[in-house]
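Undergrad: Starting off with a structure, shown below.
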Amino acid sequence: MKIGVLALQGDFAEHITMLKKIGVETAEVRLPKHLDGLDGLIMPGGESTTIGKLAVAYDLMKPLQEFGKSKAIWGTCAGAIFLSKDIGRDQPLLGLMNIKVQRNAFGRQVDSFETDLEIDELYKATGAEYPYHAVFIRAPIIESVSGKAKVLSKLEDGRIVAAQEGHLLATSFHPELTDDTRFHEYFISLAS
Amino acid sequence: MEAKTGTWTEKKGLAQMLKGGVIMDVVNAEQAKIAEDAGACAVMALERVPADIRADGGVARMSDPDMILKIMDAVTIPVMAKCRIGHFVEAQILESIGVDYIDESEVLTPADEEHHILKHNFKVPFVCGCRNIGEALRRIGEGAAMIRTKGEAGTGDVVEAVRHARSVIGAIKQIQNMDDEELMTFAKNNGAPYELIKEVKTLGRMPVVNFAAGGVATPADAALMMQLGVDGVFVGSGIFKSGDPAKRAAAIVKSVTHYQDASILAEVSKNLGEAMVGRNAAQMPEAEKLAVRGW
């Protein structure tokens, strides 16, 4: 099992640390050739505009779209935006997942927050049934899911913050900023 | 559970999202758009870039909130703004208008020559400059959630940025090799909080994200700082004081992502037009150096 982490910009090193913690081999992906031999890919938090522009500049859009047809991809925050089909504004998107996303949905940095989530799928997959502590930073929300995409988790007010479509996973929050490896373990189960 | 805002994780976390990116100084909404289009991961809103502050002389203060708000409206990426060292009221104002990060900056004229702002008192995160490990850890002790090595702003000369980054990163390596008995003496000699020295030893790195600043003018400069081991770069006067800002900005963004790939660095360094006119930092009188501000 070898998982790549898109390393154009953002907190890719934090994802690599989490993957190493659960004993997974990792690779940094900056160019199309770096996708060779990977079983899955994580797209980290960062600035989605920056990541999109760099992906276009280094011809990563098509290779990433091809990769996502058969292999697992997980986007956290900016990565989730990049995975989506629609964000209501013009910037490069992979359009792999049938989710509509709104950027900076909670306001500015002073509105960024931490909270606990109940995520049944995660409990089932890992056998560890306690709330998932989630860190949201200038976070997007998933406005709606369509097609085969399904909701994994919502805030108390009903806003969607995690979704899955087969082997594709999107979270508004940052599991890589916590010590809880359950989300990474869950993603590995999708990549296997 | 009730949602918690303004936590240490949140403050540090935003800086983690900026890693591997370029934060650009901009003086109006139009420049902010150019920076965002070039791939900046954040912008620093200020009235004058450091090169102009140097040229103009006088007292440099926080920018007009209206000008900062216009920049916040123009872009979707995070917007930072500067307050004077020790000027906690300027910081309160910046927090109230909703900037994403405050830079308590030596580039502005200090308001207090002994004390920095107690940054733990704020919900908004702060970035502060440093020349060495002691200064970095004192600022983190006061609540800075991100550090940047100072370099010498407004010169276009990378030599001071290199000096400060080497000093900080060298000290981290030194701390890692120390016996626990040596840590208190190191803390004393460097004027650094003991608990944070212990944390640096455990982590093997700075407890918060560390960018380089002050004199970065070319893609090669930016990649040099990345290879020395910083997490990203600030570019101040280097972009909008150059011949072709949009092209240079995009090239520096690419150089930070591909900092280890010399063939890509060669490609992005081609035909960038004129770099900013530099000022040799080594020949600058001590009194003109901005980096010495900070205590």
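Undergrad: Counting only other residues whose beta carbon sits under 14 Å from that of A:Met97, what net charge do I get with K and R as +1, D and E as -1?
TA: Overall, the nearby charge balance is +3.
Undergrad: Now a separate question. Check each residue of region A:8-29 and keep those whose accessible area, probe 1.4 Å, is at least 20 Å² smaller with all protein chains in place than in the chain alone; give them in order of residue number.
TA: A:Leu8, A:Gln9, A:Gly10, A:Asp11, A:Glu14
Undergrad: Picking from B:Gly21, A:Ala191, B:Val235, whose Cα lies most toward the positive end of the charge dipole for the protein assembly as shown (charges on Cβ: Lys, Arg +1; Asp, Glu -1)?
TA: Comparing the listed Cα positions along the dipole, A:Ala191 ranks first.
Undergrad: Estimate for me the total accessible surface buried between chains A and B (protein heavy atoms, probe 1.4 Å, no ligands or nucleic acids), in Å² to the nearest 100.
TA: 3100
Undergrad: May I pose another question? Can you tell me which lysines have their Cα less than 17 Å from the Cα of A:Lys62? Leave out same-chain residues fewer than eight positions away.
TA: Answer for A:Lys62, where 17 Å is the Cα cut-off: A:Lys33, A:Lys53, A:Lys71, A:Lys85, listed by chain and number.
Undergrad: Shifting gears a bit: Do the sum for the protein assembly as shown: with -39,500 (n - 2.57) for every DSSP H run of n ≥ 4, divided by all residues, what is the mean residue ellipticity at 222 nm, to the nearest 500 deg cm²/dmol?
TA: -10500 deg cm²/dmol
Undergrad: Further question on the same structure: Excluding A:Leu122 itself, calculate the net charge of residues whose Cβ lies under 12 Å from the Cβ of A:Leu122, where each Lys or Arg counts +1 and each Asp or Glu counts -1.
TA: Its environment carries a net charge of -4.
Undergrad: Just tell me how shielded A:175-181 is by partners: mean number of partner chain Cβ atoms within 10 Å of each residue's Cβ, no decimals.
TA: 1
Undergrad: Hey, can you grab everything whose amide H is under 5 Å from the amide H of B:Val209? Only 5+ residues off in sequence or another chain; H modelled, so Pro and N-termini drop out.
TA: For B:Val209, whose amide H was placed from the backbone, the distant partners under 5 Å are B:Ile147.
Undergrad: Just read off the accessible area of B:Met226 with the full protein assembly in place, 1.4 Å probe, to the nearest 10 Å².
TA: About 20 Å², rounded to the nearest 10.
Undergrad: Could you sort A:Asp116, A:Asp36, B:Asp73, B:Asp157 by their accessible area in this structure, using a 1.4 Å probe and putting the largest first?
TA: B:Asp73, A:Asp36, A:Asp116, B:Asp157
Undergrad: What part of the accessible area of chain B, given as a whole %, is carbon or sulfur when the probe is 1.4 angstrom?
TA: Here carbon and sulfur together make up 49 percent of the probe-accessible area.
Undergrad: Under the √(5λ) rule applied to the eigenvalues of the Cα gyration tensor, what semi-axes describe the equivalent ellipsoid of region B:141-232? Give them in Å, descending.
TA: Three semi-axes, in Å: 26, 12, 12.
Undergrad: How many Cβ atoms of partner chains, on average, are near each residue of A:97-110 if near means within 10 Å of its Cβ?
TA: Values: counts 0, 0, 0, 0, 0, 0, 1, 4, 0, 2, 2, 8, 17, 12.
The mean count of partner-chain Cβ atoms within 10 Å per residue comes to 3.
Undergrad: Here's another thing I want to ask about it. At a probe size of 1.4 Å, how large is the accessible area of B:Arg279, to the nearest 10 Å²?
TA: 100
Undergrad: Taking a 1.4 Å probe, which of A:Asp157, B:Asp103 shows the most accessible area, and what order do the others take after it?
TA: From most accessible down to least: A:Asp157, B:Asp103.
Undergrad: Report, in whole Å, the centroid distance computed from the Cα atoms of region B:20-58 and region B:129-165.
TA: Between the Cα centres of region B:20-58 and region B:129-165 lies a distance of 18 Å.
Undergrad: Something else now. Applying the Karplus parametrisation 6.51 cos²θ - 1.76 cosθ + 1.60 with θ = phi - 60° to the phi angles of region A:175-192, what ³J(HN,Hα) value in whole Hz is obtained for each residue in order, glycine and proline being reported as x?
TA: Per-residue couplings from phi come out as x, 6, 9, 10, 9, 8, 8, 4, 5, 5, 5, 4, 5, 4, 5, 6, 7, 6 Hz.
Undergrad: If you filter region A:1-90 for trypsin sites (Lys or Arg not before Pro), then keep DSSP loop positions with at most 13 other Cβ within 10 Å, what is left?
TA: For trypsin sites (Lys or Arg not before Pro) across region A:1-90 that sit outside H, G, I, E and B with at most 13 neighbouring Cβ atoms in 10 Å, the list reads A:Arg89.
Undergrad: Then there is this: Non-local amide H neighbours of A:Asp86 (under 5 Å, H modeled in plane, Pro and chain starts lacking H): which ones?
TA: A:Ile99, A:Val101
Undergrad: Another question, then. In the neighborhood of B:Asp100, defined by Cβ-to-Cβ distances under 14 Å, what is the net charge if each Lys or Arg adds +1 and each Asp or Glu adds -1?
TA: On the way: positive: A:Arg103, A:Arg108, A:Arg138, B:Lys11, B:Lys12, B:Lys82, B:Lys123; negative: A:Glu47, A:Asp111, B:Glu10, B:Glu36, B:Asp73, B:Glu95, B:Asp103.
That sum, taken over residues with Cβ under 14 Å, equals 0.
Undergrad: Under the classification rounded if a/c is under 1.5, otherwise prolate if a/b is larger than b/c and oblate if not, where does chain A fall, given a ≥ b ≥ c as square roots of the Cα gyration tensor eigenvalues?
TA: rounded
Undergrad: Right, something else. Given a 1.4 Å probe, how much area per residue of region A:1-107 is accessible, in Å²?
TA: Averaged over the residues of region A:1-107, the accessible area is 34 Å².
Undergrad: Then there is this: Any idea what the relative contact order of region B:239-295 is, in percent, if you count C-alpha pairs under 8 Å spaced at least 6 apart?
TA: In percent, rounded to a whole number, it is 39.
Undergrad: Quick one: what are the phi-derived ³J(HN,Hα) couplings along region A:134-150, Karplus 6.51/-1.76/1.60 with θ = phi - 60°, whole Hz, x for glycine and proline?
TA: For region A:134-150, the Karplus curve yields 10, 10, 9, 10, 6, 7, x, 10, 8, 5, 7, 10, 9, x, 8, 6, 10 Hz.
Undergrad: Mind listing the long-range amide H neighbours of B:Phe126? Cut-off is under 5 Å, sequence gap 5 or more, other chains count too, H placed in the peptide plane at 1.01 Å from N.
TA: Amide H neighbours of B:Phe126: B:Ile102, B:Ala145, B:Met146.
Undergrad: Tell me, what % of the accessible area of region A:60-192 is carbon and sulfur with a 1.4 angstrom probe?
TA: 46
Undergrad: What figure in square angstrom, to the nearest 10, would you give for the accessible area of A:Phe12 with a 1.4 Å probe?
TA: Here the accessible area works out near 30 Å².
Undergrad: Which residues of region B:1-31 show a drop of at least 50 Å² in accessible area when all protein chains are present, compared with their chain alone (probe radius 1.4 Å, heavy atoms only, ligands and nucleic acids excluded)?
TA: Residues of region B:1-31 that lose at least 50 Å² of accessible area once the other chains are added: B:Met1, B:Thr9, B:Glu10, B:Gln16, B:Met17, B:Lys19.
Undergrad: Among A:His174, B:His87, B:His120, what's the order by accessible area (1.4 angstrom probe), most exposed first?
TA: B:His120, B:His87, A:His174
Undergrad: Also, quick follow-up: Could you give the distance between the Cα centres of region A:159-192 and region B:84-125, to the whole Å?
TA: Here the answer is 37 Å between Cα centres.
Undergrad: What are the ³J(HN,Hα) values, in whole Hz, obtained from phi via the Karplus relation 6.51 cos²θ - 1.76 cosθ + 1.60 with θ = phi - 60°, for each residue of region A:109-116 in sequence order, with x given for Gly and Pro?
TA: Values, residue by residue: 4, 4, 9, 4, 8, 10, 7, 9 Hz.
The values are calculated or read from the model by the stated rules, or taken from the named source; none is laboratory data. A quick note: this is a predicted structure, and the numbers were derived from the prediction, not measured. Counting neighbours? That spans all protein chains shown, and the Cβs are built from the backbone with ideal geometry, glycine included. The accessibility values were calculated without ligands, DNA or RNA, using every heavy atom of the protein model including side chains. Shrake-Rupley method; radii C 1.70, N 1.55, O 1.52, S 1.80 Å.
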